[in-house]
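Please treat every number below as a calculation from the coordinates, not as lab data. Since we're looking at a predicted model, the values are computed, not measured. When we count neighbours, we look across all protein chains shown, and the Cβ atoms used for this are built from the backbone with ideal geometry, even at glycine.
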Amino acid sequence: MTTLVKKDFIYEGKAKRLYTTDDSKYVIVEYKDSFTAFNGQKKATMSGKGVLNNNISSKLFTLLKEKGVDSHFVERIDETHQLVKRVKIVPLEVIVRNIATGSLCKRLGVEDGLKLAWPLFEMCYKDDDLGDPFIIEDHALLFGWATKDEIDKIKEISLKVNEILKEYFADKNVVLVDFKLEFGKDTDGNLILADEISPDTCRFWDSSTGDHLDKDRFRKDLGDVLGAYREIWKRISA
Ligand code: 5GP
């Protein structure tokens, strides 16, 4: 258990706050109770959401570590806090899809729910003002957002994360439809997985009923949003 404690506030994002610690290699993440969607246009607060996402994300980062995928996650400190390695975030949002839905269907007109023959790897430029636009590899290379080696490594890790999580969730009667990952460079320059893995950043469908067990319940006003997050936590903590 860490002896490091919260020092100075650094940054507040849509779902998390960051604080320094006495060790410059580590920061503390606080998971908030807030929900946002559509680039911050839709907002809500639900008590208990931060605890659930902290628990789920901690569990999944721990699982990935056991399977050989390094991340910024060091440990869960308490109900809403994690100790993580300090990283400089690569300005890319990486999406892996197993089933077509969401923005993929809007963009290309393909059938919602179509099972993809192999996992689709996509990249967006992480910029709220621009609405995280879809990009191709050349954009990232030309504008210096990542090098070819970094993109290759990001793709390899993302697909490995997909294989691990897809199998893990299948066992819990959950289909891993798609998810978003972020990467960063730690203070030693290593490229590692960062941010969070939770129902905020993944689409989870119940394998039997097709029920949405993720943030789409909030985006689409499907009701019982926290119940869905609780259900994911129940299935993975059992
Ligand atoms: P889509 O591009 O279909 O909207 O989203 C694909 C997947 O990435 C979904 O699981 C969605 O939750 C996740 N995702 C994409 N962009 C964001 C984002 O800006 N924030 C969060 N939390 N998740 C995102």
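Values as computed for the structure displayed
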read-out: Exposure proxy order (Cβ contacts within 10 Å, fewest to most) of MET123, MET46, MET1; value: MET1, MET46, MET123
read-out: Listed residues CYS202, CYS105, CYS124, most fluctuating in the chain (Gaussian network, C-alpha, under 10 Å); value: CYS105
read-out: Assigned charges on the beta-carbon of Lys, Arg, Asp, Glu; segment 1-44 dipole about Cα centre (debye); value: 260 debye
read-out: Length-normalised contact order for the chain - Cα pairs under 8 Å, 6+ apart - percent; value: 17 percent
read-out: Entries in LYS14/LYS67; LYS7/LYS180; LYS7/LYS155 that, when Cα-Cα distance is taken, lie over 32 Å; value: LYS7/LYS155
read-out: Charge dipole (debye, nearest 20) of segment 61-171; +1 at Cβ of Lys and Arg, -1 at Cβ of Asp and Glu; value: 160 debye
read-out: Computed magnitude of the charge dipole of the chain (debye, nearest 20; Cβ of K, R +1, Cβ of D, E -1); value: 380 debye
read-out: Over 14 Å [Cα-Cα, segment 47-116], rounded percent; value: 71 percent
read-out: Charge dipole (segment 1-160, unit charges on Cβ, about Cα centre) - positive-most of VAL51, PHE35, GLY113; value: VAL51
read-out: Three principal axis lengths of segment 115-160 [C-alpha, angstrom, descending]; value: 32, 25, 15
read-out: Reciprocal of mean inverse Cα separation for segment 1-98 (Kirkwood radius, Å); value: 14.6 Å
read-out: Translational diffusion of segment 146-196, µm² s⁻¹ [Kirkwood Rh, Cα pairs; Stokes-Einstein; 37 °C; 0.692 mPa s]; value: 270 µm²/s
read-out: Whole-percent pair-distance distribution, where bins are 10 Å wide, for the alpha carbons of segment 195-238; value: 30, 59, 11
read-out: Convex hull (Cα only) mean projected area of the chain, reported in nm² to one decimal; value: 13.1 nm²
read-out: Rounded FRET efficiency, nearest 0.05, which uses the C-beta distance separating PHE143 from ALA238 and R0 of 35 Å; value: 0.20
read-out: Ranking of THR80, THR187 by count of other Cβ atoms within 10 Å, fewest first; value: THR187, THR80
read-out: Least to most buried among LYS85, LYS155 (fewest other Cβ within 10 Å first); value: LYS155, LYS85
read-out: Gain on full stretching of the segment that runs from GLU167 to TYR11 - 0.36 nm per residue minus C-alpha separation; value: 52.7 nm
read-out: Calculated over segment 111-238: convex hull of Cα atoms, volume per residue (Å³); value: 152 Å³
